[in-house]
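The values are calculated or read from the model by the stated rules, or taken from the named source; none is laboratory data. The structure presented is a predicted model; accordingly, all values stated were derived computationally and were not measured. Virtual Cβ from ideal backbone geometry, glycine too; neighbours counted across all protein chains shown. The protein model used for the area step is the full one, side chains on, heavy atoms only, and it has no ligands, DNA or RNA in it. Shrake-Rupley method; radii C 1.70, N 1.55, O 1.52, S 1.80 Å.
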Amino acid sequence: MNRYFGLDRLFLFVASKLLYACVRTHVQPQDLSTLGLDPAKPVVYVMQRRFLSNLLVLARETKSLGLPPARGRLAVGGLREAVSFFFLTRREPLLSSRRATYSGLLRRLVAQARAQDGFDVQIVPVAILWGRAPDKANSVWKLLFADGWAARGELKQFFTVLIHGRQTLLRFSEPLSLRQIVAEGLDEERTLRKVARILRVHFRRQREMAIGPDLSHRRNQVGKLIEAPNIRAAVEAEAAAKGGGAAALQQAQAQARAYAWEIASDYSYPVTLILARFLTWLWTRLYDGVEVDNFDTVSGVAPDHEIVYVPCHRSHIDYLLLSYIVFNRGLMVPHIAAGENLNLPMLGGILRRGGAFFLRRSFKDNKLYAAVFNEYLHMMISKGYAIEYFVEGGRSRTGRQLAAKAGMLAMTVKSFLRNPTRPIVFLPVYIGYEKLFEGRNYIGELMGRPKKQESLLDLLLTVRELKKNFGKVHVNFGEPIKLADILAAENPGWRDVSVASDSRPDWLNAGIDRLMLKITEGLNSAAVANPVNLLGLALLATPRLAMDERQLVRQLDAYRRLALAAPYAGRSRVTPLDGADIVAYCEKLNIVQRHSHPLGDVLHFPAEEAVLAPYTRNNILHLYALPALLACLYARNVALSREQLLRVAHTIYPFLRAELFLRWTNDELDATLDNYLEALAGLGWLERTEAAGECARYAAPAFNSEAYAQLALLGQALRPTLIRYFITLGLLTQQSSGVMTPTELEAMCRLLAQRLTLLREFNAPEFFDKAIFHAFVDTLRANGQAELREDGKLYFGERLEAEAGQARFVLPPDVRQTIFSMTRLDTGALAGTLAGVAAK
């Protein structure tokens with residue numbers, strides 16, 4: 001009779017029944033076909049820790065999942081074995097553990113593979129973690145006794161199974177080919193060592209993925225950090241700057257240590273488990289659900305890469321949400337770079353134990369702090385921590401994607417250059433809320449109210465918000481960005497170049513710029529068009545923010561079809577709800593109200609939602625920017641030649657791309673426009689008047705048709721953006737070349753936009769956001785349409801004046817006339833206005 005652990009099959013059968021009375025497993029990956037098992041080759045499973053409970057779980061799950069049975073016979077070549085599994089470690093004593101040695105089965109497999117050509121087995125590592133399904137935990141007491149790094153004997157394993165059996169994670173990994181290792185020609189002992197080393201490293205990484213790196217005490221980490229050569233050099237420089245001497249050196253050392261304690265996290269796995277349970281409760285109170293797309297991307301890169309999560313930043317909820325999602329799917333929470341404004345009493349300590357480390361808003365002039373922070377970041381990266389930070393630097397107040405800032409990215413790249421052994425991958429993560437927690441605060445800040453500092457009292461007062469329904473949250477993981485590929489694009493020989501800690505050569509700066517752009521474009525490419533986004537896109541384009549219900553439903557259906565026919569990117573997503581369901585869903589959230597009428601109900605935004613709606617609309621404006629530009633052009637011009645279309649599009653596109661971080665280069669624009677023209681024609685919103693292809697010509701449908709009304713409504717979605725552009729061009733050209741500085745131009749444009757909201761009823765404070773005008777002026781200079789000379793003034797030529805005249809293609813006469821009247825200021829009036837702004 002076959003024996004395992006000295007026990008026969010009958011005992012194992014009974015033991016398995018008893019075990020599964022208190023065990024529930026969560027198996028990963030969910031799609032086992034991704035393992036790539038070869039059905040023609042035998043499978044041998046390997047587990048790290050030698051416990052009966054591990055074997056019983058593996059045997060039960062392989063049978064139920066239809067995999068080759070772990071307790072089945074292994075017959076391959078001349079080898080006959082009673083079982084198809086082995087443990088990486090030997091039998092552990094009752095109350096302690098011993099160092100791992102080689103399994104007898106592994107020895108025989110290696111010997112057979114060396115002796116027989118063509119002999120091969122698939123070694124499948126299986127990680128089993130007890131207490132690692134926190135979404136199912138039901139007791140804080142249980143959370144404190146989960147699986148960890150410390151070795152344990154059978155007695156401790158018994159209590160672990162008893163307490164955590166219902167929260168067990170079982171993860172199968174891709175098979176390891178024994179033949180490939182043996183083919184390297186090593187002797188038997190070295191082959192065994194290599195196989196064991198590969199498996200040890202694999203299991204360590206699996207455990208790191210699930211519960212985080214094996215951490216020493218925080219005090220030891222800080223002590224080692226202070227002893228790093230870069231910190232010692234910075235301390236000596238700081239002491240020298242203060243006059244030198246033993247007292248100055250001691251003071252600098254104390255200051256460096258204080259900085260390290262201020263920055264460092266104090267990660268606690270039990271606290272993370274408790275937080276996971278709390279967040280499960282919180283999400284069920286706040287949201288109707290959290291929808292996650294493309295998480296398999298994370299699982300695919302996690303084993304072999306250092307992951308840097310770079311989510312967009314919409315809300316303080318972002319900090320908790322991404323960690324919760326990652327942890328709930330069997331990976332360890334990333335360590336998050338949090339602003340010092342969140343290091344509040346009580347809250348700061350909890351966040352530290354959940355993996356947060358804190359940084360000051362700016363430390364450019366504090367070289368000692370910079371040295372400590374850089375070294376701390378390098379320590380985390382070199383030890384294999386997953387890291388998360390927000391490249392935008394702050395939360396978006398308008399709903400648009402903000403430009404990435406170089407600070408944390410540059411520090412990460414410099415750390416990688418110091419030790420490029422483990423590859424780094426940046427993972428953009430799009431987070432979209434249907435209703436925003438901080439919405440009212442953002443509107444106040446856009447209206448000019450100073451940003452309110454976070455406080456513990458404000459945190460406690462947010463409890464009142466738990467009674468509200470904030471809809472769903474949509475999280476989508478973007479395309480991974482490999483840092484090595486970014487650096488190689490700028491300098492193929494970057495691995496052979498030594499970069500000093502205080503230098504940034506041109507190729508490195510170019511690489512960081514490329515990385516910043518790839519991340520922002522990656523975030524936009526993962527956008528999700530949810531029901532609230534689409535409703536805002538439609539209603540905000542109407543004069544009174546209201547539509548006939550039937551017209552609204554048809555418009556929403558058309559927007560969905562457009563997104564599916566010509567997707568912005570492969571990872572972008574659109575709601576599966578049709579137009580009628582979108583309306584019903586938004587009514588449930590009280591985002592839209594119904595006004596009954598005998599000729600058909602009218603739907604409109606309530607007053608408060610009308611102000612907040614542009615934020616959610618802006619989350620996806622980039623998805624519809626180019627088709628909206630085409631709609632605007634054809635609604636204003638019944639027919640356009642291809643030459644006219646491309647000339648206007650190429651004039652406007654650089655500014656659209658700079659503001660919305662669109663993914664296409666100027667060289668890709670023509671083909672992209674053709675794709676959208678075909679999609680609009682497929683909706684019936686354009687009529688093809690010539691053959692398809694590059695020579696195709698299109699025209700708008702009849703003016704009195706429903707198709708024209710829908711086309712015009714799509715064009716209206718982009719009109720505020722175009723108006724801002726032509727306000728800037730109009731003011732600049734009206735005042736002549738060399739009259740205004742960039743700062744004066746931005747300030748004056750913002751005032752004119754504010755005035756236009758009063759005259760034209762654009763009920764959206766983001767319409768006059770100063771950051772948008774600043775980006776526009778920067779784009780003018782980057783494209784060579786204007787230049788900044790030594791006197792600080794902007795100079796331009798006839799090209800800019802000609803481009804300002806293209807407003808006639810996209811704006812109606814009344815709007816153009818209003819802009820012309822507003823920007824026609826004499827020099828004295830302009831100087832007086834700017835002086836008044838400066839005085840304020």
Task: Interchain or long-range residues, amide H under 5 Å from PHE85's placed H - done: TYR45
TODO: Sum up the charges of everything whose Cβ sits under 13 Å from the Cβ of ARG60, counting Lys and Arg as +1 and Asp and Glu as -1, but leave ARG60 out.
DONE: +3
Open item on the list: Quick check: the distance between the Cα centres of region 791-810 and region 218-293, to the nearest angstrom?
Closed with: 51
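How much length would be gained if the chain were fully extended between GLN250 and GLU668, taking 0.36 nm per residue of separation minus their Cα-Cα distance, in nm to one decimal?
Values: separation 418, 0.36 × 418 = 150.48 nm, distance 5.94 nm.
Contour length minus the Cα-Cα distance gives 144.5 nm.
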- [ ] Could you give the spread of the C-alpha atoms of region 40-89 along their three principal axes, from largest to smallest, in whole angstroms?
- [x] 30, 26, 15
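Would you mind getting me the FRET efficiency between VAL201 and PHE158? Use the beta-carbon distance for r and R0 = 25 Å, nearest 0.05.
0.30
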TODO: Assuming a ≥ b ≥ c are the square roots of the Cα gyration tensor eigenvalues, decide whether region 703-748 counts as rounded (a/c under 1.5), prolate (otherwise, with a/b larger than b/c) or oblate.
DONE: prolate
Open item on the list: Could you work out how much longer the chain between ARG73 and ALA580 gets when fully extended? Use 0.36 nm per residue separation minus the Cα distance between them, nm to one decimal.
Closed with: 176.7 nm
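Would you tally the net charge around TYR725, using a Cβ to Cβ cut-off of less than 10 Å, leaving TYR725 out, and scoring K and R as +1, D and E as -1? Kindly include the intermediate steps, with their values, before the conclusion.
Values: positive: ARG724; negative: GLU659, GLU803.
Net charge around TYR725: -1.
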Open item on the list: Can you compute the modelled spin-label distance between TRP281 and ARG824, with each label point 7 Å from Cα toward Cβ, in nm?
Closed with: 6.6
Open item on the list: 7 Å from Cα along Cα→Cβ at both MET346 and ASN590: what's the point-to-point distance in nm?
Closed with: 2.7
Open item on the list: Rounded to the nearest 10 Å², what accessible area does TYR102 have for a 1.4 Å probe in the complete protein model?
Closed with: 60
Task: Debye intensity ratio in log₁₀ form over the Cα atoms of region 707-824, taken at each q of 0.11, 0.22 Å⁻¹ - done: -0.36, -1.33
- [ ] Can you figure out the FRET efficiency of ALA111 with ARG418, using R₀ = 35 Å and their beta-carbon distance, to the nearest 0.05?
- [x] 0.25
- [ ] Quick one: give the max-minus-min coordinate of the C-alpha atoms of the chain along each principal axis, largest first, in Å.
- [x] 97, 78, 56
Task: Rounded accessible area of HIS335 (nearest 10 Å², 1.4 Å probe) - done: 10
Task: Scattering curve values for region 574-619, log₁₀ I(q)/I(0), Debye with Cα scatterers, q = 0.13, 0.29 Å⁻¹ - done: -0.34, -1.14
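Within a Cβ distance under 9 Å of THR297, other residues only, what is the Lys/Arg minus Asp/Glu net charge? Please report the intermediate quantities before stating the final value.
Working: positive: ARG571; negative: ASP296, GLU479.
Residues near THR297 contribute -1 overall.
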Task: Net length gained if the chain between ARG360 and ASN704 were fully extended (0.36 nm per residue, minus Cα distance) - done: 118.0 nm
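Whole-Å semi-axes of region 483-612's equivalent ellipsoid, largest first, each the root of 5 times a Cα gyration tensor eigenvalue? Don't skip to the end; give the middle numbers.
On the way: eigenvalues 456, 48, 20 Å².
Gyration-tensor ellipsoid for region 483-612: 48, 16, 10 Å.
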Task: Dimensionless Rg/Rh of region 285-406 - Kirkwood Rh, Rg from C-alpha atoms - done: 0.96
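Write down the accessible area per residue of region 733-810 in Å², having rolled a 1.4 Å probe over the full set of protein chains. All intermediate terms of the calculation are to be shown ahead of the outcome.
On the way: 3790 Å² over 78 residues.
Accessible area per residue, region 733-810: 49 Å².
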Task: Per-residue HN-Hα couplings for region 290-299 [Karplus 6.51, -1.76, 1.60; θ = phi - 60°; Hz; x = Gly/Pro] - done: 10, 9, 10, 10, 6, 5, 4, 4, 5, 4
Open item on the list: Could you tell me the center-to-center distance, by alpha carbons, between region 183-212 and region 348-399 in angstrom?
Closed with: 33
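For region 213-356, what is Rg from Cα atoms divided by 2.2 N^0.38 Å, rounded to two decimals? Please list the in-between numbers first.
On the way: Rg = 19.0 Å, N = 144, 2.2 N^0.38 = 14.5 Å.
For region 213-356, the normalised Cα radius of gyration is 1.31.
So which DSSP H runs in the chain come out at 30 Å plus along the axis (Cα) with average Kyte-Doolittle of at least -1.0? List each step's numbers first, then the result.
Numbers: long enough: 188-211 (34 Å, -0.83).
Going by DSSP H runs, the hits are 188-211.
Where does region 13-79 land on Rg(C-alpha)/(2.2 N^0.38 Å)?
Details: Rg = 13.3 Å, N = 67, 2.2 N^0.38 = 10.9 Å.
Normalised Cα radius of gyration, region 13-79: 1.22.
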Task: Protein-only accessible surface order, largest first, of ASP506, ASP513, ASP187 at 1.4 Å - done: ASP506, ASP513, ASP187
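Compute the relative contact order of region 659-781 as a whole-number percentage, counting only Cα pairs closer than 8 Å that sit 6 or more residues apart in sequence. Display every interim value, and only then the final one.
On the way: 80 pairs, mean separation 21.2, N = 123.
The value is 17 percent.
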Task: In nm, spacing of pseudo-spin labels at GLU801 and ASP485 (7 Å Cα→C-beta vector) - done: 4.7
Open item on the list: Along the charge dipole of region 231-375, pointing to its positive end and built from +1/-1 on Cβ of Lys, Arg, Asp and Glu, which listed residue (GLY348, ILE325, LEU249) has its Cα farthest out?
Closed with: LEU249
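Between VAL14 and LEU564, what FRET efficiency comes out of the Förster formula 1/(1 + (r/R0)^6) with R0 = 41 Å and r the beta carbon distance, rounded to 0.05?
0.15
Cβ neighbours within 10 Å, averaged per peptide: list 493-504, 628-639 in order, most packed at the top.
Numbers: 493-504: 11.2, 628-639: 20.8.
Going from most to least packed, we get 628-639, 493-504.
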